[in-house]
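Presented below is the structure to which this report refers.
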Ligand SMILES: Nc1ncnc2c1ncn2[C@@H]1O[C@H](COP(=O)(O)OP(=O)(O)OP(=O)(O)O)[C@@H](O)[C@H]1O
Ligand SMILES: [Mg+2]
């Protein structure tokens, strides 16, 4: 019984400042959908438009195919979890969770059984009689989550729910949230500016910048095939280096510095001969060695991390790149050593230098050699 959320060409103005100017997203029933973007890009603004704290100056938001623009908050039946939990300090856990049910005219046994169920789901049964100031941050966040879910909302909205927790607890809680969301199956919109959290938790992600959706996709799609340079840099580590396109009959090559050239198969026709392009190389997409052709550089730093070794390399043009080499390869290359880098062009992303849009052709196999 999960609902779809359709955001159609919505506009948000604060006074004469337009923060969101015609934004559209379709969120599927039961999905955990994340809005990811830098501070100030409009994530909270959009969430508040969905729940009804913010007016909508244009377009429509539909829940289950019904426009909700002018429906008051109390009638939208949505649950929200905030960054600062916002649980009541003077009520114990049970009363906090039951608070939203009191207005619903449910009978006492129904209220008791719903509270008992949700205490199990979020795993805080042992704390049901405690006051909030005797709970850890993670436990308080579970109370906030339980309180939002217990009213059986059509939609669950979460605005940076983990940012007050320490790193270890954040990871634990994001797993808990994902499990609970899957268990209860509520369509959920989750807001974060933490790309790793977004990748870990989401069914799909919308990357936002300055009120504009840059790309919508599954975590792996965004990571592997970002549609523009912003997404490529915002998700994961991207080393951006310049190359020149060389077309010889039907084959296309990328000419890097130091005379190093590599064939690439899945590049668009828009990458014309001699054009300069931006190549985004993930740390794993370099091959580092002291005895090969490649882009020349000097190891500035090495970090052995067990499963792999991270190198920070300064290229001859001054550009600094991060390289990750899996541990199976023997020697660690010492700092100060001259090396060269090959690029796995079947994995990299290539962007137009002017508009920074992807020049990779989707669906074209790129197995070189
Ligand atoms: N009530 C308001 N009045 C005027 N401008 C506002 C108001 N609320 C937000 N803004 C502006 O709208 C823009 C988007 O703000 P918003 O809070 O949605 O960003 P955000 O993506 O949630 O950022 P963060 O990650 O820092 O929480 C910002 O430029 C902000 O200054
Ligand atoms: Mg915000």
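Against the list (1) more than 16 Å from residue 280 (Cα to Cα); (2) under 33 Å from the mean Cα position of the chain (by Cα), the condition residue 324 fails is (1). Restricting attention to segment 1-47, the residues that are assigned to a strand (DSSP E or B) and under 22 Å from residue 174 (Cα atoms) total 6.
Of 93, 81, 68, 122, all but one fail to be modelled with pLDDT of 90 or more, away from ligand 1 (no atom under 16 Å from the Cβ) and within 27 Å of the chain's Cα centre (by Cα); the exception is 68.
Of all residues being in contact with a helix residue (DSSP H, G or I) (Cβ under 8 Å, 6 or more places away or on another chain) and closer than 14 Å to residue 5 by Cβ in segment 37-53, which is farthest from ligand 2 (Cβ to nearest atom)? Just the residue, please. This residue is 52. Quick one: how many residues across segment 31-44 are buried (at least 17 other Cβ atoms within 10 Å of the Cβ) and within 14 Å of ligand 1 (Cβ to nearest atom)? Counting residues in segment 31-44 that are buried (at least 17 other Cβ atoms within 10 Å of the Cβ) and within 14 Å of ligand 1 (Cβ to nearest atom) gives 8. If you go through segment 196-218 and keep only what is more than 20 Å from residue 156 (Cα to Cα) and not in a strand (DSSP E or B), you end up with 196, 210, 211. May I ask you to verify whether residue 135 is modelled with pLDDT under 90 and surrounded by fewer than 20 Cβ atoms within 10 Å (Cβ to Cβ)? For residue 135, the condition - modelled with pLDDT under 90 and surrounded by fewer than 20 Cβ atoms within 10 Å (Cβ to Cβ) - is not met.
Scanning segment 179-189 turns up at least one residue that is within 16 Å of ligand 1 (Cβ to nearest atom), modelled with pLDDT of 95 or more and either touching a helix residue (DSSP H, G or I) at 6+ places or on another chain (Cβ under 9 Å) or over 19 Å from residue 50 (Cα atoms) (or both). Considering the conditions (1) within 16 Å of ligand 1 (Cβ to nearest atom); (2) part of a strand (DSSP E or B), residue 54 is excluded by exactly one of them, (2).
Looking at the structure I just gave you, is residue 231 surrounded by fewer than 17 Cβ atoms within 10 Å (Cβ to Cβ) and closer than 28 Å to residue 313 by Cβ? Criteria not met by residue 231.
Taken over segment 1-17, residues that are modelled with pLDDT of 95 or more and away from ligand 1 (no atom under 16 Å from the Cβ) amount to 6. When you scan segment 299-306, do you find a residue that is under 24 Å from residue 244 (Cα atoms) and within 29 Å of the chain's Cα centre (by Cα), even just one? No, every residue in segment 299-306 fails to be under 24 Å from residue 244 (Cα atoms) and within 29 Å of the chain's Cα centre (by Cα). Please go through segment 221-248 and give me each residue that is without any contact (Cβ under 8 Å) to a residue 40 or more places away in the chain and closer than 19 Å to residue 26 by Cα, ordered by number. Residues satisfying the conditions are 221, 222.
In the set 20, 27, 56, only one residue is more than 30 Å from residue 183 (Cβ to Cβ), modelled with pLDDT of 95 or more and more than 15 Å from ligand 2 (Cβ to nearest atom); that residue is 56.
Out of 279, 207, one residue alone is within 16 Å of ligand 1 (Cβ to nearest atom), in contact (Cβ under 8 Å) with a residue 40 or more places away in the chain and touching a strand residue (DSSP E or B) at 6+ places or on another chain (Cβ under 8 Å). It is 207. Return yes when residue 20 is closer than 20 Å to residue 191 by Cα, in contact with a strand residue (DSSP E or B) (Cβ under 9 Å, 6 or more places away or on another chain) and within 15 Å of ligand 1 (Cβ to nearest atom) and no when it is not. The answer is yes for residue 20.
The values are calculated or read from the model by the stated rules, or taken from the named source; none is laboratory data. From a predicted model like this one, the values you see are computed outputs, not experimental measurements. All Cβ positions, glycine included, derive from the backbone under ideal geometry; neighbour counts span all protein chains shown.
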